[in-house]
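The values are calculated or read from the model by the stated rules, or taken from the named source; none is laboratory data. Quick caveat: nothing in here was measured; it's all calculated off a predicted structure. Every residue, glycine as well, gets a Cβ built from its backbone with ideal geometry; the counts of neighbours run over all protein chains shown. For accessibility, only protein heavy atoms count, side chains too; no ligands or nucleic acids. Shrake-Rupley method; radii C 1.70, N 1.55, O 1.52, S 1.80 Å.
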Amino acid sequence: LFSGVLRTPTRSEGLPMGRVPNVLAAASLVAAAACVTQKPVPTPAPVAAEKAPPVPAGPARVEKTLAEVGLDASALDRSANPCTDFYQFACGGWLERTEIPADKSRWGRSFAEIDKRNEAELRRILDAAAAGSAADPVTQKLGTYYGACMDEATIEAAGVKPVEPLLKLAREVKDKSTLMKAVVELHRHRVWALFDISAEQDFKDATQVVAYLDQNGLGLPDRDYYVNDDPKTKEIRTKYFEHVQRMFKLAGVPAKQAENAAASVMNLETALARASKTRVERRDPAGLYNKRTRAELAKEFPTVPWDAYFAALGRPDLTQAVLTSPAFFAAVDKELRSGKPEDWRWYLQWTVLRSAASGLPKAFVDEAFAMSSALSGQQQLEDRWKRCVDSTDGALGELLAQPWLETMFAGSSREATQTYVAQISKAFGAGLERLDWMDAPTREKAAAKLKSMVYKIGFPAKWKAYDFPVDRKSHAANVLASRAYEMQRDLAKIGKPVDREEWLMSPPTVNAYYNPLKNEMVFPAGILQPPFFNVNADVPVNLGGMGMVVGHELTHGFDDEGSKFAADGNLQDWWDPKVAEAFQARTQCVADQYSKYVAVPASSANGQELPAVTLDGKLTLGENIADIGGVKLAFSAYRQLRRDAKEAVVAEGFTEDQQFFLAVGQAWCTKAREQVARMLAKVDPHSPPKFRVNGSLANTPEFGEAFRCEPGSPMRPTNACAVW
Ligand SMILES: [Zn+2]
């Protein structure tokens, strides 16, 4: 469900769950509410076998319970009107009885259930690896890494010593050359001061990997936190200012100095934030692609010592780089010219401390958690073992995946997913034929893109190596070693052909992604589990769960971003201008629809009034297009797969069509704390789960028919959007 262009998704970044289920949506939809309550039509009680009448034409009827087909009867709220708020109908019971665990900021029925199971199994593997004296190097490495992470006594005793070499470089900054020396050493460990560098496929030459230089260097989750002036944002900024001071004090900086230090940090980060692109601006791939030769870099940004920078990274040979924002680098250049060395010293030390905090003693971990808690509303820090499972997955993901797959991945889910992908791809192809807004030449190119789309299921064909040392006595050193190794792995790709086997997520990850640069969909084993996919569930339910995810990823190839890349992964205008215009009008319909949804309702706490937050229809456009397409494709695939069925299954009164839509709804039942909902509304390209369900089903005519909704009711609007 991740669809970043430049970013490598991490476990938390790519989290597919949206946010808060809450509040009724779209003013226009509510205004149109003339829906008569239409409960699913009850079916007659099962007839005893001997009295069964002869079956007339059409399939025979088979009665099952909701549990038997793979749905959760207790999650339903039968008092809700499915034509007004289907999410409430499918999830209301679950929402009512579910409490978000104290150590979580949100909790989803499917994702959380799978995550919990995964975590427990990963813990079992890692505990055994850390305790035993295994002979095989994979288990040994896992055990050493995890063991060091769990060893709190040793971590306490070490203090900030493991990051002292980086802090020292930061303290020694006195001019441009010492500044760049420190910056590059931080970058070698993927500690992103000022900006970041990564290796990505060349947007305009899918055979080549080039260096990308991107905006970065902020401690808060988005530029908006530095530039917006509403009371809530100001409050977070104040908290952040105090947090920076406390972190410095923990690192031994005297109180008086810590205040000045925090002011330096705020000044520099604010300057970077002001120059940063917004998340909506970053959805334009053409705008992110600004290639420069080394000579051009030197000329345009003369204060940055590029030669020294690339040399220190071990790639003095690089001849070019792509800038995601020349304006941002102009600002960096200006700051380098005018910034005071003292400000730089504090900013760089701060960047080291915040990046390393989770590997440092408890006081740092707690302080970092207090800040993130202010942003997310999470009440309690996760247990250490959970954080160490995450850390091991991050550092040694494809090693940890190997024993996990042995116990957790059944081959049957791989085959089933293959069937779904084939069927869904066919459905997209058939849909293309029927699109009235597309001309023949563009249609042909779209069909070619579909045909060349690659899919990967379960786990990679070859495993990554992790050739860095791990030390049982220093967790922080292991984290830094892992980061330095990944940096080298990344930089080594530049100038080489694209590696088509590489995965951007580890196999246990409960997520999926589409990568427009490789025109590929990837489904890690983590998501091919109940309730998304259940070998014992019926076809409509599996298609509503896993099938919708498959259709969603496929549609990303044709969303507002993906549609700008051609079949071979090159950024290219392959659309006839007239067709592009028609596409644009259709996506605008989606943007307008979702912009009316209220992501977080107004609230008041501690005498502070917080305004409602509406969804950003532009930020979430790609994901919404993918959701709408995903439901449509999965529905059509399910119908195909059941075309020749000899019987029609009715589950506690729900028809197969209704079961499909219930599965879609129940896959997304989610609760989130208000704080995290407010944060996600700014930064998450996914809509909150409620609108992932209601928004996409309101655009699916078959939904309104299945639940017999009145035309014009919220879930069957007369102005529905259709893109694909
Ligand atoms: Zn997605």
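When the trypsin sites (Lys or Arg not before Pro) in the stretch 605-664 are filtered for DSSP coil states and for at most 10 other beta-carbon atoms within 10 Å of their beta-carbon, the remaining sites are Arg643, Lys646.
Give me the accessible area per residue for the stretch 286-400, probe 1.4 Å, as a whole number in Å². List each step's numbers first, then the result.
Values: 4270 Å² over 115 residues.
Here the per-residue accessible area is 37 Å².
Within the same chain, aspartates and glutamates fewer than 8 places from Lys362 are excluded, and of the rest, those with a Cα less than 18 Å from its Cα are Asp103, Asp151, Glu152, Glu156, Glu164, Glu382, Asp383, Asp390. Label positions at Arg171 and Ala73, each projected 7 Å from the Cα along the C-beta direction, are separated by 6.8 nm. Sum up the charges of everything whose Cβ sits under 12 Å from the Cβ of Pro701, counting Lys and Arg as +1 and Asp and Glu as -1, but leave Pro701 out. Its environment carries a net charge of -1.
Any chance you could check the Cα centroid distance between the stretch 652-703 and the stretch 600-618 for me, in angstrom? After rounding, the separation between the Cα centres reads 20 Å. For the peptides 285-296, 589-600, the ranking by packing is 589-600, 285-296, with the highest mean count of neighbouring Cβ atoms within 10 Å listed first. The rule of thumb for compact globular proteins, 2.2 N^0.38 Å, goes into the C-alpha radius of gyration of the stretch 60-103 1.42 times. Taking Cα atoms only, the orientation of helix 621-641 departs from the longest principal axis of the chain by about 40 degrees.
With the cut-off at under 16 Å, measuring from each backbone N in the stretch 541-560 to a point 7 Å along the Cα-to-Cβ line of Ala645 picks out 541-548. Once the Cα atoms are used to define both axes, helix 674-683 deviates from the longest principal axis of the chain by about 80 degrees. Label-to-label distance for Glu281 and Lys462 is 4.0 nm, based on points extended 7 Å past Cα in the beta-carbon direction.
Between Asn536 and Lys386, what FRET efficiency comes out of the Förster formula 1/(1 + (r/R0)^6) with R0 = 35 Å and r the beta carbon distance, rounded to 0.05?
Numbers: r = 29 Å, r/R0 = 0.83.
That pair, Lys386 with Asn536, gives E of 0.75.
Placing unit charges on each Cβ (+1 for Lys and Arg, -1 for Asp and Glu) gives the stretch 436-507 a dipole about its Cα centre, and among Leu480, Ala447, Pro497 the Cα reaching farthest toward its positive end belongs to Leu480. Gain in length, Glu609 to Ala492, computed as 0.36 nm per residue apart minus the alpha-carbon separation, to one decimal in nm? Computed gain between Glu609 and Ala492 is 37.0 nm.
Hey, what does the equivalent ellipsoid look like for the chain, semi-axes from the Cα gyration tensor as sqrt of 5 times each eigenvalue, largest first, whole Å? All intermediate terms of the calculation are to be shown ahead of the outcome.
Details: eigenvalues 397, 159, 140 Å².
Largest first, the chain gives 45, 28, 26 Å.
Largest accessible area first, the listed residues Glu119, Glu406 line up as Glu406, Glu119 when surface is computed with a 1.4 Å probe on the assembled protein chains.
A simple spin-label model places the labels of Ala422 and Ala128 3.5 nm from each other, with each point 7 Å out along Cα-to-Cβ. The value given for the stretch 602-724 is a Kirkwood hydrodynamic radius of 16.4 Å, derived from the mean inverse Cα-Cα separation. Please give the Cα centre distance for the stretch 402-419 versus the stretch 108-140, rounded to the nearest Å. Value for the Cα centre distance between the two parts: 17 Å.
Using the Kirkwood radius built from alpha carbon pairs, what does the Stokes-Einstein equation give as D for the stretch 349-466 at 20 °C and 1.002 mPa s, in µm² per second? Please list the in-between numbers first.
Numbers: Rh = 19.3 Å.
So the translational diffusion coefficient is about 111 µm²/s.
Which net charge results when you count Lys and Arg as +1 and Asp and Glu as -1 among the other residues whose beta-carbon is under 15 Å from that of Val649?
Summing Lys/Arg as +1 and Asp/Glu as -1 gives -2.
Counting only alpha carbon atoms, the long axis of helix 137-150 and the longest principal axis of the chain meet at about 70°.
List the pairs from Lys291/Lys493; Lys168/Lys249; Lys291/Lys456; Lys464/Lys564; Lys256/Lys277 whose alpha-carbon separation is above 25 Å, in the order I gave them.
Values: Lys291/Lys493 18 Å; Lys168/Lys249 16 Å; Lys291/Lys456 31 Å; Lys464/Lys564 30 Å; Lys256/Lys277 34 Å.
Long pairs (Cα-Cα over 25 Å): Lys291/Lys456; Lys464/Lys564; Lys256/Lys277.
If both residues of a DSSP beta bridge must be in the chain, then about 65% of such bridges are antiparallel.
Between Glu300 and Thr207, what is 0.36 nm times their sequence separation minus the Cα-Cα distance? Round to one decimal in nm. Working shown, then result.
Working: separation 93, 0.36 × 93 = 33.48 nm, distance 2.77 nm.
Length difference between fully extended and current span is 30.7 nm.
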